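J.: Attaching a single structure in structure tokens format; questions to follow.
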Amino acid sequence: MLTKKVEKALNKQIEIEANASQFYLSMASWAETKGFEGVASFFYRHSDEEREHMLKLIKYINERGGHAIVPPLEKPPKIFECLSHVFKDLLNHEIMVTKEINKVVDICLKDKDYTTHNFMQWYVAEQIEEEALARHILDKLKLIADDKGGLYLFDRDIVNMNPTKN
Ligand code: FEO
């Protein structure tokens, strides 16, 4: 059984993952309207991944005798200034998600819930990858700056930067 505190923390994490999915979906849509097909496909996939992170939590809570709550979603921004801003937003968002995951891990330890602590290690590892990827992409964008040809190639190549591509 989950303690009330752990259940509450996991339910909050469901909300965070759901909102990340929504946020990245909005980025995908914006990129698509700007002609950045590669970036759009990157964010569509990223949005799907966040939904999977959310589903994993829902199933875990229910399997452990808790009740996973499907949360309302925040309205994401629909306009973004430029590609660099989009990826800065991505990195900042992932840094926030990492902090929240660390809070859940901390609550698990305080409540001596080692099973959930173990379950959360998957998220801890995932966050290292996601933050590193966002930083890597931002470094590339810094190099490209306003070079249109560079942006064209970036948009083409970003599909290969997705860690979950098959
Ligand atoms: Fe599920 Fe990008 O954190």
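The values are calculated or read from the model by the stated rules, or taken from the named source; none is laboratory data. All values reported here derive from a predicted model rather than from experimental measurement. Every residue, glycine as well, gets a Cβ built from its backbone with ideal geometry; the counts of neighbours run over all protein chains shown. Accessible surface is based on the protein model in full, side chains and every heavy atom, while ligands, DNA and RNA are left aside. Shrake-Rupley method; radii C 1.70, N 1.55, O 1.52, S 1.80 Å.
J.: Please determine whether any residue of segment 125-137 is in a loop (DSSP other than H, G, I, E, B) and either among the acidic types (D, E) or within 14 Å of the ligand (Cβ to nearest atom) (or both).
T.: Our first condition is that a residue be in a loop (DSSP other than H, G, I, E, B); within segment 125-137, this holds for none.
Among the residues of segment 125-137, not one is in a loop (DSSP other than H, G, I, E, B) and either among the acidic types (D, E) or within 14 Å of the ligand (Cβ to nearest atom) (or both), which makes the answer no.
J.: Condition first: within 14 Å of the ligand (Cβ to nearest atom), assigned to a helix (DSSP H, G or I) and of a type in the set (A, V, I, L, M). Can you find one or more residues in segment 141-148 that meet it? Give the derivation first.
T.: Step one: filter segment 141-148 for residues within 14 Å of the ligand (Cβ to nearest atom), giving none.
No - not one qualifying residue is present in segment 141-148.
J.: I've got another one for you. Can you find even one residue in segment 147-165 that is among the polar types (S, T, N, Q) and in contact with a Ser or Thr (Cβ under 9 Å, 6 or more places away or on another chain)? It would help to see each step written out before you state the result.
T.: Step one: list which residues in segment 147-165 are among the polar types (S, T, N, Q), which gives 160, 162, 164.
Checking the rest, the ones that are also in contact with a Ser or Thr (Cβ under 9 Å, 6 or more places away or on another chain) come to 162.
Scanning segment 147-165 turns up at least one residue that is among the polar types (S, T, N, Q) and in contact with a Ser or Thr (Cβ under 9 Å, 6 or more places away or on another chain).
J.: Do we have any residue at all in segment 31-45 that's within 16 Å of the ligand (Cβ to nearest atom), among the aromatic types (F, W, Y) and open to solvent by 20 Å² or more (accessible area, probe 1.4 Å)? Write out each step before concluding.
T.: Pass one, segment 31-45, residues within 16 Å of the ligand (Cβ to nearest atom): 42-45.
Narrowing further to those that are among the aromatic types (F, W, Y): 42-44.
After this cut, where a residue has to be open to solvent by 20 Å² or more (accessible area, probe 1.4 Å) as well, the list is 44.
So far as segment 31-45 goes, yes, one or more of its residues are within 16 Å of the ligand (Cβ to nearest atom), among the aromatic types (F, W, Y) and open to solvent by 20 Å² or more (accessible area, probe 1.4 Å).
J.: Can you report the number of residues in segment 88-112 which are in contact with a Phe, Trp or Tyr (Cβ under 6 Å, 6 or more places away or on another chain) and surrounded by fewer than 17 Cβ atoms within 10 Å (Cβ to Cβ)?
T.: Number satisfying all stated conditions: 0.
J.: Only residues that are open to solvent by less than 20 Å² (accessible area, probe 1.4 Å) and in contact with a Leu (Cβ under 9 Å, 6 or more places away or on another chain): list them for segment 67-83, please.
T.: Across segment 67-83, the qualifying residues are A68, L83.
J.: Hey, can you tell me all the residues within segment 81-124 that are over 25 Å from T33 (Cβ atoms), of a type in the set (D, E, K, R) and in a helix (DSSP H, G or I)? Let's see the steps before the verdict.
T.: So the first thing to find is which residues in segment 81-124 are over 25 Å from T33 (Cβ atoms), and the list is 95-124.
Add one more test, that the residue is of a type in the set (D, E, K, R), and what stays is 99-100, 103, 106, 110-113.
Result: K99, E100, K103, D106, K110.
J.: Looking at E130, E49 in this structure, which one is in contact (Cβ under 8 Å) with a residue 12 or more places away in the chain and in contact with a helix residue (DSSP H, G or I) (Cβ under 6 Å, 6 or more places away or on another chain)? Show your work before the answer.
T.: On the way: E49 fails: in contact with a helix residue (DSSP H, G or I) (Cβ under 6 Å, 6 or more places away or on another chain).
Only one candidate qualifies: E130.
J.: Just to be sure, is K8 more than 17 Å from the chain's Cα centre (by Cα), more than 19 Å from V97 (Cβ to Cβ), open to solvent by 40 Å² or more (accessible area, probe 1.4 Å) and more than 14 Å from the ligand (Cβ to nearest atom)? Show your work before the answer.
T.: On the way: more than 17 Å from the chain's Cα centre (by Cα): yes; more than 19 Å from V97 (Cβ to Cβ): no; open to solvent by 40 Å² or more (accessible area, probe 1.4 Å): yes; more than 14 Å from the ligand (Cβ to nearest atom): yes.
Criteria not met by K8.
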